[in-house]
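The values are calculated or read from the model by the stated rules, or taken from the named source; none is laboratory data. For clarity, every value in this text was computed on a predicted model and none was experimentally measured. Heads up, the Cβs are rebuilt from the backbone with ideal geometry, glycines too, and the neighbour counts pull from every protein chain shown. All accessible areas refer to the heavy atoms of the entire protein, side chains included, with ligands and DNA or RNA removed. Shrake-Rupley method; radii C 1.70, N 1.55, O 1.52, S 1.80 Å.
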Protein chains: 2
Amino acid sequence: MSAYDEDTAVKPTSDGRYAGTVSNRWDIAGAPNGGYLLAMMLNAATNEMSHPDPLTATAHYLSRTRSGEACTISVEEIRTGRRYSTAAISLFQGDKERIRALATYGDLGSAEGPTDVVGSMPDVAAPEEIAPIQGGVGPFEIANRFDYRTRSALSYLTAGDPVPEDLEPSFTGWIRFNDGREASLTSLALFADAFPPAVFNRRPFSWVPTLELTVHFRARPAPGWLLSRFSTNYLIDGLLEEDGEIWDSSGNLVALSRQFAQIT
Amino acid sequence: MSAYDEDTAVKPTSDGRYAGTVSNRWDIAGAPNGGYLLAMMLNAATNEMSHPDPLTATAHYLSRTRSGEACTISVEEIRTGRRYSTAAISLFQGDKERIRALATYGDLGSAEGPTDVVGSMPDVAAPEEIAPIQGGVGPFEIANRFDYRTRSALSYLTAGDPVPEDLEPSFTGWIRFNDGREASLTSLALFADAFPPAVFNRRPFSWVPTLELTVHFRARPAPGWLLSRFSTNYLIDGLLEEDGEIWDSSGNLVALSRQFAQIT
């Protein structure tokens with residue numbers, strides 16, 4: 001069983017409630033990754049919903065989730081219609097609510113309407129031409145779960161080279177699970193948060209906790225590498241957005257993400 | 001009293017509950033604008049929160065809100081900390097929940113940390129050099145609430161000219177309330193949804209209901225015109241994102257927005 005499947009598994013306990021365990025395998029300096037936790041919440045919600053696919057999900061991180069501890073996830077379907085249904089999802093540890101999310105579900109397989117794609121997959125070197133980043137950078141347990149292929153601050157730091165001073169606060173990077181697990185639609189919530197922050201390019205090792213993460217799930221990913229582009233255009237008084245675009249190996253856009261975070 | 005203040009006014013009725021009326025002055029073909037409704041919900045929430053400013057808010061539109069009818073807004077502060085507090089907000093008409101939102105509040109006035117701005121205000125003709133768009137385009141009551149200055153499908157249509165076929169699904173536009181009311185921080189939720197959709201440039205008069213709208217509130221706007229840029233890069237099988245950036249008259253970025261919508 002893949003680490004992702006094992007660590008996002010949930011068991012129904014009563015009406016709309018699920019039990020899970022927050023693994024420490026997705027930790028960043030002792031705190032579990034926010035995208036990982038959202039993926040687990042959506043994994044629970046999918047059982048309750050009238051439609052199969054998350055389309056847009058937003059999580060607000062209320063208090064720090066503890067890794068290595070049990071959690072309870074509650075799911076309430078607050079709207080169900082012909083084409084869409086919406087859930088309010090909470091992750092608790094003990095009595096303490098750690099995360100609240102809203103997610104609207106639909107069926108990407110039956111979506112019908114015009115297509116007009118203006119954006120395009122970044123034209124970058126193939127993953128095979130980029131050296132893999134081995135192991136973690138600092139205390140990032142999560143880095144051991146992925147094969148990352150990127151030319152960014154991350155690659156300079158793991159190679160032991162100084163980070164150039166003129167890097168933009170944006171980068172592209174290939175990524176896949178390093179145990180052979182293919183990306184699923186729901187796992188894109190994790191992939192949207194799996195790289196170090198784009199501001200890392202200018203401020204290596206900054207601590208950038210997420211306050212809110214929104215992911216739009218646009219297509220079920222094809223097997224193989226994912227290519228991500230992340231950027232932060234507006235860091236103002238320590239608050240920032242990070243925008244992400246994720247493509248699959250067929251060149252299709254599969255997710256858009258935006259998070260609101262702070263540098264502490 | 002300005003139309004905006006009058007139409008977003010709410011009265012406390014009991015613990016965490018507010019009464020309001022959904023005005024028809026912000027209608028699009030008989031349906032109230034989603035940004036207007038989010039602004040009213042935040043207006044209610046601000047009374048309950050431990051911090052003064054919305055920082056990031058997401059609304060999921062569950063069922064069509066009816067204009068000209070009363071509504072009830074419930075606000076629950078689900079987290080309060082030193083720097084941030086988070087609310088779950090619901091808008092009801094009768095027993096029917098129309099909109100669920102989550103919003104994290106903070107204090108932009110006391111935000112501290114690094115600033116690194118890479119994006120910049122679009123360099124476009126001043127509003128005085130662009131002809132105002134008079135009255136509504138079709139059954140858009142909301143268009144009577146704003147002074148719009150833009151060169152987009154909207155300007156061709158109101159001038160009675162054919163829309164060029166090579167317009168991008170993006171545009172910039174100046175905007176302000178046409179009764180002299182200055183934009184407030186909370187009103188940016190409305191401004192983020194006040195222009196016709198960017199896909200209108202290629203598909204005039206398409207009906208583009210919002211499923212989810214997220215707004216990041218980045219700075220309190222200076223008096224005067226706002227400049228917005230909206231774009232849709234990925235219309236896929238009738239589903240789309242619309243990204244917005246809003247600057248104030250001082251050239252500061254004041255909001256980022258992204259919505260998930262469908263073309264029907």
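Residues are listed down the side, and each one gets a yes or a no for (1) among the basic types (Lys, Arg); (2) free of Cβ contacts under 8 Å to residues at least 60 places away in the same chain; (3) touching a strand residue (DSSP E or B) at 6+ places or on another chain (Cβ under 8 Å):
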| site | (1), (2), (3) |
| --- | --- |
| B:GLU97 | no, yes, yes |
| B:GLU112 | no, yes, no |
| B:THR115 | no, yes, yes |
| B:VAL118 | no, yes, yes |
| B:ILE133 | no, yes, yes |
| B:ILE142 | no, no, yes |
| B:ARG151 | yes, yes, yes |
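Residue-by-condition table, conditions (1) in contact with a Lys or Arg (Cβ under 9 Å, 6 or more places away or on another chain); (2) in a strand (DSSP E or B):
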{"position": "A:PRO54", "(1), (2)": "no, yes"}
{"position": "A:ALA59", "(1), (2)": "yes, yes"}
{"position": "A:SER67", "(1), (2)": "yes, no"}
{"position": "A:ARG83", "(1), (2)": "no, no"}
{"position": "A:THR104", "(1), (2)": "yes, yes"}
{"position": "A:ILE133", "(1), (2)": "yes, no"}
{"position": "A:ILE142", "(1), (2)": "yes, no"}
(request) Please state which of the following conditions A:TYR234 fails to meet, knowing it meets all the rest: (1) crowded, with 24+ Cβ neighbours inside 10 Å; (2) facing chain B (nearest Cβ under 9 Å); (3) not aliphatic (A, V, I, L, M). (result) (1)
(message) Go through the stretch B:237-252 and report how many residues are buried (at least 21 other Cβ atoms within 10 Å of the Cβ) and either at the interface with another protein chain (Cβ under 7 Å from one of its Cβ atoms) or in contact with a His (Cβ under 7 Å, 6 or more places away or on another chain) (or both).
(response) 2
(request) Out of the residues in the stretch B:66-82 that are of a type in the set (Val, Ile, Thr) and more than 13 Å from every other protein chain (Cβ to nearest Cβ), state the one that is surrounded by the fewest Cβ atoms within 10 Å (Cβ to Cβ). (result) B:THR72
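Could you check how many residues of the stretch B:107-131 are at pLDDT below 90 and in a helix (DSSP H, G or I)?
So the answer is 0.
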(message) Taking the criterion of being within 10 Å of chain A (Cβ to nearest Cβ), under 20 Å from B:HIS60 (Cα atoms) and open to solvent by less than 50 Å² (accessible area, probe 1.4 Å), would at least one residue in the stretch B:185-197 satisfy it?
(response) no
(message) Can you tell me which condition B:PHE260 does not meet? The list is (1) within 11 Å of chain A (Cβ to nearest Cβ); (2) open to solvent by 10 Å² or more (accessible area, probe 1.4 Å), and all the others hold.
(response) (2)
(message) Name the single residue that is modelled with the highest pLDDT among those in the stretch A:153-167 being assigned to a loop (DSSP other than H, G, I, E, B) and closer than 19 Å to A:SER231 by Cα.
(response) A:LEU167
(message) Can you tell me which residue is farthest from A:PRO209 (Cα to Cα) among those in the stretch B:90-99 that are away from every other protein chain (no Cβ under 11 Å) and part of a strand (DSSP E or B)?
(response) B:GLN93
(request) From (1) surrounded by 16 or more Cβ atoms within 10 Å (Cβ to Cβ); (2) acidic (Asp, Glu); (3) within 15 Å of A:LEU226 (Cα to Cα), pick out the condition that doesn't hold for A:GLU141. (result) (3)
(request) Write out, first by first residue and then by second, each pair whose Cβ atoms fall under 6 Å of each other, whose residues are 6+ apart or on separate chains, and whose first residue, in the stretch B:7-34, is open to solvent by less than 50 Å² (accessible area, probe 1.4 Å) while the second is at pLDDT below 95 and of a type in the set (Val, Ile, Thr). (result) B:TRP26/B:ILE142; B:ILE28/B:ILE142; B:ASN33/B:ILE142
(message) Show me the strands (runs of 3 or more DSSP E) entirely contained within the stretch A:175-264 in which 2 or more residues are free of Cβ contacts under 8 Å to residues at least 40 places away in the same chain and farther than 17 Å from B:TYR234 by Cα.
(response) A:234-236, A:239-247
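Yes/no per residue for (1) surrounded by 14 or more Cβ atoms within 10 Å (Cβ to Cβ); (2) within 14 Å of another protein chain (Cβ to nearest Cβ); (3) more than 20 Å from B:HIS60 (Cβ to Cβ):
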site	(1), (2), (3)
A:TYR84	yes, yes, no
A:ALA88	yes, yes, no
A:ALA101	yes, yes, no
A:GLY109	no, yes, yes
A:PRO127	yes, no, yes
A:ILE130	yes, no, yes
A:TYR148	yes, no, yes
A:LEU157	yes, no, yes
A:GLY173	yes, no, yes
(message) Condition check: facing chain B (nearest Cβ under 7 Å), without any contact (Cβ under 8 Å) to a residue 40 or more places away in the chain, exposed (fewer than 15 other Cβ atoms within 10 Å of the Cβ) and assigned to a loop (DSSP other than H, G, I, E, B). Does A:SER63 satisfy that?
(response) yes
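Go through the stretch A:201-219 and report how many residues are surrounded by fewer than 24 Cβ atoms within 10 Å (Cβ to Cβ) and within 12 Å of chain B (Cβ to nearest Cβ).
10
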